[in-house]
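First up is the structure itself, then whatever we jot down about it.
Here, each number is a calculation from the coordinates, and none is a lab measurement. Because the structure is a prediction, the values reported are computed rather than measured. Note that we place each Cβ from the backbone using ideal geometry, even for glycine, and neighbour counts take in every protein chain shown.
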Amino acid sequence: MLRPGEPYFLNEGVSFRYCIPARAHCPSLSGEHYLRAVYGTWKESDEVLRRLRKRWAPFGYLWAGAVTSEPMAFTVTEQAALADCNYPTRPNPSAPLR
């Protein structure tokens, strides 16, 4: 149970795709950026939520809305130019990346 404003630390990896600026039509991403994550907290029905909120009421309010992180700063630095090697190379280009 968290009190209002109390932090909760989640150790979870996050990845995203970007193009490498050494390739044509890819802008440079160097510099400071910010990431803000939004997490869903409830997957059950509204009826289940109503029932559980009544049972939880003596302890506080059962939150079921999204939780949004504070902005997290990160810096992208320029990398040495890479040769255009048609990355990613996969045996089956239509197969999803893992």
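Phi angles across region 59-65 convert, under the Karplus curve 6.51 cos²θ - 1.76 cosθ + 1.60 with θ = phi - 60°, into 3J(HN,Hα) values of 9, x, 9, 7, 7, 10, x Hz, Gly and Pro given as x. Between the listed residues G40, L52, A73, the Cα displaced farthest toward the positive end of the dipole of region 36-76, a dipole computed from Cβ unit charges relative to the Cα centre, is found at L52. Using C-alpha pairs below 8 Å separated by at least 6 residues, the relative contact order for region 1-79 is 38 percent.
If you plug the beta carbon distance of A57 and L10 into 1/(1 + (r/R0)^6) with R0 = 41 Å, you get a FRET efficiency near 0.95. Note on D46 and H33: the model spin-label points, each 7 Å out from Cα along the C-beta direction, lie 3.7 nm apart.
Might you report the magnitude of the Cβ-based charge dipole of region 36-76 about its Cα centre, with Lys and Arg at +1 and Asp and Glu at -1, to the nearest 20 debye?
220
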